[in-house]
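**Student:** Provided herewith is a single structure, encoded as structure tokens, for subsequent inquiry.
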Amino acid sequence: MNDLSAAFAAAAGLLAGGDPAVLGIIGLSLRVSLSAVVIAALVGLPLGALLAVARFPGRGALIVTLNALMGLPPVVCGLLVYLLLSRSGPLGSLGLLFTPGAMIAAQAVLIAPILAALTRQVLESYWEEYAEQLRSFGAGPWRAIPTLLWDGRFALLTVLLAGFGRASAEVGAVMIVGGNIEGFTRVMTTAIALETSKGDLPLALALGMVLMAIVLGVNAAAQTLRGAATRWAG
Amino acid sequence: MRAPDTILPLTTEALGFAHGGQPILHDVSLTIEAGPPSVIIGPNGAGKSVLLRLLHGLLAPSAGRIHWSGIADPRPRQAMVFQRPVLLRRSVLANTTYPLGLAGLARGERDARARAALELVGLAALADRPARTLSVGEQQRLALGRAAALRPEILFLDEPCASLDPAATQAVEAIIAQLSAAGTKIVMTTHDLAQARRLAGEALFLHRGRLLEQSPAAQFFAHPATPEAAAFLAGALVW
Amino acid sequence: MHRRFLAAALVALLSLPALAQERSITIASTTSTEQSGLFGHLLPIFTRETGIAVRVVALGTGQALDVGRRGDADLVFVHDRPAEERFVAEGAGGPRLHVMFNDFVLIGPAADPAGIAGQRDTAEALRRIAAARAPFVSRGDRSGTHAAELRLWQQAGVDPVAGRGAWYREVGQGMGPALNTAAAQGAYILADRGTWLAFRNRQDLRIVVEGDARLFNQYGVMLVNPQRHLHVKVAEAQRFIDWIVAPAGQAAIAGYQINGEQLFFPNATVPEPVS
């Protein structure tokens, strides 16, 4: 109980104090996870939309694979990206390992399947409704993809939030490919892991509360936006 | 008024359609010419909607063929409005410009045409409203205006008033009459005989997947040629 | 609005390579140097003097050496002499210079079920733990501390693997998590003094054995072989090595204290004692 109240006090202190180190960690967390969401969205949203409208051999297998990859353990994802980006790996010449770029890459790999699978689910129901009308307009499945993505923009916001939540909460991948370097690749989750290692459990918990507060804030903002938009678009 | 490269008349030869081994249409041969609306009537399950979709190209026939006149690509010269309007999650205006963009019209032209079409269906004042917040009647008028903006030579309407109240029905019928008068060929299905009498130039009577009659409306309603049509007009349940 | 957001995001992403190009080196080191706070004390001094930023990836010694082998760091700074000598012998890097030492301490619960508190002979203490089948948490992660622990068991003539799954518990984690586990289970554990001093969640753990010469813990530093890994920043990394073994770096190490207690003892200029 003592630890918990100490954690609450520490969390309030962290948020109020404006410690530049903590602010840097928060900023990097946001930058890494939001960048990962953007990159994963550039791949995952069109892929999900394609799977929603197109019928081709192997589609079922691809959907099953994506659904399975939604459960990809971050550590495995991190290891995979580590081996790719290591100087001894195929992409070693990029020099990305132990940089925020590597963390963005790992989180993007982690959440792209989530975005693709959820996008497919959302847009498949839209497509059922739209398909005949769009074909009447002369728009085939390919032309339907941007239409569905645009019309689904508010529902897809929730999908992006799911991706952001997963990215900002994971520790396994960024720990491995980022190295938790102080002032350079340390983010909220790896900082929490570090403070736990050092046995400073109240501080670790306080950082966790700060992380939750940030995720909550992002979600609340998106929810407000979505609420307004839903009232608008019906 | 009509361009010399018209796609009409539309003819079908021994058109047939089956779905999952179940025959739905047999041996439908018809000719649709320019002129007043052709109204397809018949009991539920007669195959009216399927016939409309075959003609519009949304379904592929399992037998027979469809022939459009002229040398022009018939595809962009047709439009269709469905029983339940499918509206995009966008504004009224954006719904109307969307198919015009697909048709390759320049942005300025799209806007002008769309606004004219919205004027026609009485929705100009609602141009910026999200389409899905309109009433059912307004939604169907928007679907009609959106199709009309394409300036189709032939417009297919599948039970356009089936879910509308009398006032909304009246508004939709007025628009249909106006489009027809302006030279758009209307081909529509309806299960509402009164509506058929009001709108039809010719009647096509479909029964159990067969086209039993195609004749001028006045003649059809006064002297149906087949006992099935007579029974249907008399209000008997024909099956 | 959509487009502007995308543009901003892309700019943010593209600025990453620029960040990576500032003058910096990457050190693969151990959790003990990082978590004890030594690097937090040392590196700002080095960066102030040289303008070179230092990025520390803190891992177990075995992992840190592997990172060096793969060329993912410019130098390694670890504490497992036999493993370091293998690293040099196989041409992965070197030469190995010794930098500083501290010592390991045997930690145990206040209840002290093996009755070893105050013991000076580590081998005897370990034999008693094994005999009492008292819970013992092992790092089990190929770290320098793990290697030292295994050497100590060997010197005690005990094969702890026999106790696996019972009293001998290998957690396969860093020093901190292993200490957390020991604290929760009331177990004995071998820890480096630096991490122990900085560790907060002690519960009723305390030092039971210390001061044995066998508990000596030497740290060494090696440049990653630039012939194998052309991108290694030789000049900057060598600058760090030169600094850490020179009086300036050695004094900085000696100056790091927690609660008035010095954690690491520079010994680059004196011959390294053989343990």
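The values are calculated or read from the model by the stated rules, or taken from the named source; none is laboratory data. Everything numeric here is computed off the predicted structure, so don't read it as measured data. Positions of Cβ are backbone-derived with ideal geometry, glycine not excepted, and every protein chain shown enters the neighbour counts.
**Student:** Only strands (runs of 3 or more DSSP E) wholly contained in the stretch B:178-239 count here; list those with 1 or more residues that are among the hydroxyl-bearing types (Ser, Thr, Tyr).
**Tutor:** Of the strands (runs of 3 or more DSSP E) lying wholly inside the stretch B:178-239, those with at least 1 residues that are among the hydroxyl-bearing types (Ser, Thr, Tyr) span B:185-189, B:210-216.
**Student:** Let me ask another. Taking the stretch C:198-214, which residues are within 11 Å of another protein chain (Cβ to nearest Cβ), more than 16 Å from C:Phe136 (Cβ to Cβ) and among the hydrophobic types (A, V, I, L, M, F, W, C)?
**Tutor:** If the condition is that a residue be within 11 Å of another protein chain (Cβ to nearest Cβ), more than 16 Å from C:Phe136 (Cβ to Cβ) and among the hydrophobic types (A, V, I, L, M, F, W, C), then C:Ala198, C:Phe199 are the ones that fit.
**Student:** Scan (1) free of Cβ contacts under 8 Å to residues at least 24 places away in the same chain; (2) under 15 Å from the mean Cα position of the chain (by Cα); (3) surrounded by 22 or more Cβ atoms within 10 Å (Cβ to Cβ) for the single condition A:Tyr130 breaks and write down its number.
**Tutor:** Result: A:Tyr130 fails condition (2) only.
**Student:** Being within 30 Å of B:Leu59 (Cβ to Cβ) and either within 10 Å of another protein chain (Cβ to nearest Cβ) or of a type outside the set (A, V, I, L, M) (or both) is the filter; apply it to the stretch A:104-127 and report the residue that is farthest from the chain's Cα centre (by Cα).
**Tutor:** A:Trp127
**Student:** What helices (runs of 4 or more DSSP H) completely inside the stretch A:142-234 contain at least 3 residues that are under 28 Å from C:Ser29 (Cβ atoms) and free of Cβ contacts under 8 Å to residues at least 24 places away in the same chain?
**Tutor:** Here the list reads A:188-197.
**Student:** Related question: Exactly one of these conditions fails for C:Glu90: (1) touching a His at 6+ places or on another chain (Cβ under 8 Å); (2) modelled with pLDDT of 95 or more. Give me its number.
**Tutor:** (1)
**Student:** Among the numbered criteria (1) part of a helix (DSSP H, G or I); (2) at pLDDT 95 or above; (3) out of contact with any Pro (no Cβ under 9 Å at 6 or more places or on another chain), which single criterion is violated by B:Gln140?
**Tutor:** Going through the list (1) part of a helix (DSSP H, G or I); (2) at pLDDT 95 or above; (3) out of contact with any Pro (no Cβ under 9 Å at 6 or more places or on another chain), B:Gln140 breaks only (3).
**Student:** Under 6 Å between Cβ atoms, which residue pairs at least 6 apart in sequence (or on different chains) link something in the stretch C:137-153 that is assigned by TED's automatic domain parsing to the domain that holds C:Tyr168 with a partner that is among the basic types (Lys, Arg)?
**Tutor:** Cβ pairs passing all conditions: C:Val137/C:Arg169; C:Thr145/C:Arg139; C:His146/C:Arg139.
**Student:** Check A:Ala21, A:Ala40, A:Ala36, A:Ala52 and return the single one that is within 14 Å of chain C (Cβ to nearest Cβ), in contact (Cβ under 8 Å) with a residue 12 or more places away in the chain, in contact with a Leu (Cβ under 6 Å, 6 or more places away or on another chain) and not charged (D, E, K, R).
**Tutor:** Going through A:Ala21, A:Ala40, A:Ala36, A:Ala52 in turn, just one is within 14 Å of chain C (Cβ to nearest Cβ), in contact (Cβ under 8 Å) with a residue 12 or more places away in the chain, in contact with a Leu (Cβ under 6 Å, 6 or more places away or on another chain) and not charged (D, E, K, R): A:Ala40.
**Student:** Kindly indicate whether C:Ala83 is within 14 Å of chain A (Cβ to nearest Cβ), under 14 Å from the mean Cα position of the chain (by Cα) and not in a loop (DSSP other than H, G, I, E, B).
**Tutor:** So C:Ala83 fails the test.
**Student:** In the stretch C:12-30, which residues are facing chain A (nearest Cβ under 8 Å) and either modelled with pLDDT under 85 or exposed (fewer than 14 other Cβ atoms within 10 Å of the Cβ) (or both)?
**Tutor:** Listed by number, the residues that qualify are C:Ala12, C:Leu13, C:Leu16, C:Pro17, C:Leu19, C:Ala20.
**Student:** Still on this structure, I have one more. Of the residues that make up the stretch A:69-83, is at least one among the β-branched types (Val, Ile, Thr), crowded, with 22+ Cβ neighbours inside 10 Å and at pLDDT 95 or above?
**Tutor:** Scanning the stretch A:69-83 turns up at least one residue that is among the β-branched types (Val, Ile, Thr), crowded, with 22+ Cβ neighbours inside 10 Å and at pLDDT 95 or above.
**Student:** Filter the stretch A:168-222 for residues that are more than 14 Å from chain C (Cβ to nearest Cβ) and not hydrophobic (A, V, I, L, M, F, W, C); which is surrounded by the fewest Cβ atoms within 10 Å (Cβ to Cβ)?
**Tutor:** It comes out as A:Gly217.
**Student:** Of the residues A:Gly165, A:Gly95, A:Gly101, only one is within 24 Å of A:Ser29 (Cβ to Cβ), within 21 Å of the chain's Cα centre (by Cα) and within 14 Å of chain C (Cβ to nearest Cβ); which?
**Tutor:** Testing whether each residue is within 24 Å of A:Ser29 (Cβ to Cβ), within 21 Å of the chain's Cα centre (by Cα) and within 14 Å of chain C (Cβ to nearest Cβ) leaves just A:Gly101.
**Student:** Pull up the stretch B:102-121, narrow it to residues that are without any contact (Cβ under 8 Å) to a residue 12 or more places away in the chain and within 18 Å of B:Gln78 (Cβ to Cβ), then point me to the one that is surrounded by the most Cβ atoms within 10 Å (Cβ to Cβ).
**Tutor:** Ranking the candidates gives B:Leu105 first.
**Student:** Confirm whether B:Arg198 is out of contact with any Ser or Thr (no Cβ under 6 Å at 6 or more places or on another chain) and farther than 26 Å from B:Gln139 by Cβ.
**Tutor:** For B:Arg198, the condition - out of contact with any Ser or Thr (no Cβ under 6 Å at 6 or more places or on another chain) and farther than 26 Å from B:Gln139 by Cβ - is not met.
**Student:** Do we find that C:Arg81 is surrounded by 15 or more Cβ atoms within 10 Å (Cβ to Cβ), out of contact with any Ser or Thr (no Cβ under 6 Å at 6 or more places or on another chain) and in contact (Cβ under 8 Å) with a residue 40 or more places away in the chain in this structure?
**Tutor:** Taking the combined requirement at face value, the residue satisfies it.
**Student:** Filter the stretch B:8-29 for residues that are aliphatic (A, V, I, L, M) and buried (at least 18 other Cβ atoms within 10 Å of the Cβ); which is farthest from the other protein chains (Cβ to nearest Cβ)?
**Tutor:** Among those residues, the one meeting the criterion is B:Val28.
**Student:** List pairs: first residue in the stretch B:61-73 and free of Cβ contacts under 8 Å to residues at least 40 places away in the same chain, second residue loosely packed, with under 14 Cβ neighbours inside 10 Å and hydroxyl-bearing (Ser, Thr, Tyr) anywhere in the structure, Cβ distance under 9 angstrom, at least six positions apart or on different chains.
**Tutor:** none
**Student:** Here is a follow-up. Which helices (runs of 4 or more DSSP H) does the stretch A:1-109 wholly contain that include 2 or more residues that are closer than 24 Å to A:Gly217 by Cβ?
**Tutor:** Here the list reads A:2-17, A:20-53.
**Student:** Kindly indicate whether A:Leu62 is touching a Leu at 6+ places or on another chain (Cβ under 7 Å) and surrounded by 24 or more Cβ atoms within 10 Å (Cβ to Cβ).
**Tutor:** No; evaluated as a whole, the condition is false for this residue.
**Student:** Would you list the helices (runs of 4 or more DSSP H) that sit entirely within the stretch B:41-133 and hold 3 or more residues that are under 30 Å from B:Ala231 (Cα atoms), within 13 Å of another protein chain (Cβ to nearest Cβ) and of a type outside the set (Ser, Thr, Tyr)?
**Tutor:** Qualifying helices (runs of 4 or more DSSP H): B:48-56.
**Student:** If B:Thr11 satisfies all but one of (1) more than 22 Å from B:Ile176 (Cα to Cα); (2) part of a loop (DSSP other than H, G, I, E, B), what's the number of the condition it fails?
**Tutor:** (2)
**Student:** Oh, and also: Filter the strands (runs of 3 or more DSSP E) completely within the stretch C:123-210 down to those with at least 1 residues that are small (Gly, Ala, Ser).
**Tutor:** C:136-138, C:188-192
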